[in-house]
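The values are calculated or read from the model by the stated rules, or taken from the named source; none is laboratory data. Since the model is a prediction, treat every value here as computed from it, not as a measurement. Virtual Cβ from ideal backbone geometry, glycine too; neighbours counted across all protein chains shown.
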Amino acid sequence: MTAARAAVGLATRIAVAWLATWALGWGLVELGRDPPARQAARAAARLPPEDGPDRGARAAVEAAIARELGLAATASARWGRAMLGAATVTPGPSWRDRRPAGQVARAGAGATVIRATLAAALAIAIGAAVPLAAARRRRGGAAVATAAAIAVAVPTVWWCVLALATAPQVALTSTAAIAILAAAPAAAIALHVGRAVADLDRSPLAIAIAARGASRRRWHVHHAARLVAPGLAPLVGSTLGFTLAASAVVERALALPGAGRTLVAAAAVGDAPVVLTLAAACAALVAAAAGVAQLAVAARADDEDR
Amino acid sequence: MSARRLAWAWLALAALLAIAAPILAGDRPIAASLDGALTWRPSAAQAAAMGPEDWALWPPMPAPGAVRDRGVLAPLAPPSARHWLGTDDRGRDVAARLLHGARASLGLAALAAALATAVGLALGLAIAGAPRAAAGVGLAAVDAIAAAPALLVAIAAGALVGARSPLVLAALIAVPRAADTGRLIAAQLASTARSPYVLAARALGARPARILLRHRAPAALPTLGVAAALTAATAVLSEAALAFLGVGLAPPTPTWGELLAQATQHDLRWWLALPAGACATATAAALFALALAHRRA
C-alpha cells in the first residue's frame, strides 16, 4: 500500500465519520418533539412560558428566531443547509448565544483531546503489559482476569467519587483525570489480552517453543506479545472513543475545564449546532485513531511479508 | 461458589428487590384489616379512613418521593433506625430510592438489551442473507455505528431528540450495541455458510431463507446471549453516567446514577455514594461475568 493511498483512505474515513454524524444528528433534530425554531428559542431561553398571558408571543419569538437562524425553510432544505455547513466546516451559530458553534466547541477541546489520548495510550499500555506479566506466574492470569472484570464494571462516576474521597484535593489535577479515564479501558484490554495469551499458551507453537528450552518469560515477551499486538489495533479507536466520552463525567466530577463539560452544557439546553459539532469531531477523531492503528498494523505486516 | 452462580444469585436478588420495591418502600399498607376484612394493598384513601378496630401492615421504608418524616424535613441525615441508609438532600429515604432505583436501572438495562438484541439479530440475518456487495456495505455501516461510544451517542442524541423517557433512553443506549450485536451475529452466521449441515440442506433443495432461519440462525443464539448481557451491563453503566450528568431519566425518577450525582454535590456523603455505586458495580460485574462465562462455554 502506497503512502498516498493510505492517506486518501484515512482522509475518507475521517470525512465520512464527520459528515455521517451531521447527517444522522440533524435528522434527529428534525425528528425531535418540537420544530427546530422552538428548540432554538428554548436553547436561547427566549421562549415565553406556554401558559403565559400572551399566546401569540410564543409564535412571534419562534418566527423571529427561525428568520434569524435560517430555520424557516422546509425540513429537507434545513437538512441540506446543515450538511453544506458541515461539508465546509462552518457549522453555523450556537443556538444559545449566537457565537460560532466551532468557536464554542473549541473552548477546552485541546485539553480534553490531550487527556483522552494520553489516557487511551496508558490504558493500552497497562492493559497489554499486566496480563503478559501475570501470565508468567501460576494462577496470575486468573487473578488479573478477575480484577479486570470487576474494574471494567465500575462506573466512571464511582471512580471519580473514590478518587475524590481518597486523594488529597491538590492531587486531583489532569493527572488524576487521565488515570480515571484509563481505568475501565485498561481493564477491558487486560481481559482481551489475557484471554488471547491464555489461548496462545495452549497452542502447538507454545509447546514447540517450550520443548526447545525457552523460558516462559521469553515465550511471553518475545513471541506471545508479538502475536497479540495486531489484535490490539481494533481496540485503539474504541478506547479513545470511551475516554473521550467518559471525559464528560470526569471533567464534571473533578471540576476541570474541557469539551466534555461544553457538550453536557450544550446538551442540557438542546444547543444542537454545538452538540453536533462536538459529536462529529469526536467521531472523526475516533475514526482517525482507528485508521492510523490499522495502517500501522498493515505496514508492519507488509514489512514482515517482504 | 463459582463466579457464574454468584452473578446469577446477585441478578436474581436485584430483580426480586426491584419487583418488590413498591411493597418494601411505599406510602400504602402492604395489607390491612378494614372492618374485619383482610385487604391486600389497600388504597391511600382506605388507609386514611381506618377505624380504631382496623390494623395495617406498613412497608418497612417510606415512599421514595416522601420528603417529610412525621412532618419533619431531615435532609442529608446519616443512617438511623428510621432511615436505614440515611436521607438525601431533600430528606427522601435513600434505601427506598435505592430500591426504586434498581427498578429504573434494571428496567432500562432489560429494555436496552431487548431492543439491541432484536435489532442486532435482524441486522445480522439481513447481512448474512444479502448478496456479497450489499453485505459488505452493511458490514461497513454497522462497523461505523458500533465504533461510536454509547455514552456520547446517548448524550448527543438525547439532546437532539429532546425526550428523556425510559424508552427513548434505552433506544439511544441500544443503537451502538445493536450494531455491535449485528456484526457479531453476521460473523457467526458467516462461519456456518459452508457447514456440512447447511450444504446438505441446500442439496435437499431448501430455500436460502429457510436455511438461514431454520439451520444457520440457531448457531448464533449463544452469541446473542453474550451480546445481550454486554448490552445490559453497558446500559447500567451508561445510565449511571447520564444521570450524573443530568441528562438521564427525567427527575424525580430515582436511579442509582442520581444518588451518585448527589454524593458528589454534597461532600461525598458515604450513604449516598457507597450503596448506589456498589449496586451499579455489582450488577455490571455480574452481567460481564455471565457474558464471559457464556463465551467460554
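A compact table of results
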{"read-out": "Selected residue [basic (Lys, Arg) and part of a helix (DSSP H, G or I)] from A:136, A:195", "value": "A:195"}
{"read-out": "Filter pass, residue B:139 being more than 7 Å from chain A (Cβ to nearest Cβ) and either farther than 22 Å from residue A:277 by Cα or touching a Phe, Trp or Tyr at 6+ places or on another chain (Cβ under 6 Å) (or both)", "value": "yes"}
{"read-out": "Filter result (of a type in the set (Lys, Arg), outside any helix (DSSP H, G or I) and touching a residue at least 40 places away in the same chain (Cβ under 8 Å)) within the range B:159-197", "value": "B:164"}
{"read-out": "Among the candidates A:102, A:127, A:140, residue that is without any contact (Cβ under 8 Å) to a residue 40 or more places away in the chain, away from chain B (no Cβ under 14 Å) and of a type in the set (Gly, Ala, Ser)", "value": "A:140"}
{"read-out": "Test: residue in the range B:200-214 that is aliphatic (A, V, I, L, M), free of Cβ contacts under 8 Å to residues at least 40 places away in the same chain and buried (at least 16 other Cβ atoms within 10 Å of the Cβ)", "value": "yes"}
{"read-out": "Selected residue (only one of A:292, A:297, A:250 is in a helix (DSSP H, G or I) and at pLDDT 90 or above)", "value": "A:250"}
{"read-out": "Single residue of A:110, A:56, A:70 found to be away from every other protein chain (no Cβ under 14 Å) and in contact with a helix residue (DSSP H, G or I) (Cβ under 8 Å, 6 or more places away or on another chain)", "value": "A:70"}
{"read-out": "Residues satisfying the stated conditions in the range B:146-167, i.e. within 17 Å of residue A:287 (Cβ to Cβ), at the interface with chain A (Cβ under 8 Å from one of its Cβ atoms) and over 19 Å from the mean Cα position of the chain (by Cα)", "value": "B:147, B:148, B:156"}
{"read-out": "Positions within the range A:247-259 being touching a Leu at 6+ places or on another chain (Cβ under 8 Å) and more than 7 Å from chain B (Cβ to nearest Cβ), in sequence order", "value": "A:247, A:250, A:254, A:259"}
{"read-out": "Residue list for the range A:206-217, restricted to those being surrounded by 13 or more Cβ atoms within 10 Å (Cβ to Cβ) and at pLDDT 85 or above", "value": "A:206, A:209, A:210, A:214"}
{"read-out": "Test result for residue A:289, more than 9 Å from chain B (Cβ to nearest Cβ), in contact (Cβ under 8 Å) with a residue 12 or more places away in the chain and more than 27 Å from residue A:103 (Cβ to Cβ)", "value": "no"}
{"read-out": "Residue ranges of helices (runs of 4 or more DSSP H) in the range A:1-87 with at least 1 members more than 24 Å from residue B:164 (Cβ to Cβ) and among the basic types (Lys, Arg)", "value": "A:3-31, A:55-69, A:75-87"}
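One line per residue, one yes/no per condition, for (1) away from chain A (no Cβ under 11 Å); (2) touching a helix residue (DSSP H, G or I) at 6+ places or on another chain (Cβ under 6 Å):
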| site | (1), (2) |
| --- | --- |
| B:210 | yes, no |
| B:223 | yes, yes |
| B:233 | no, yes |
| B:237 | no, yes |
| B:240 | no, yes |
| B:243 | no, yes |
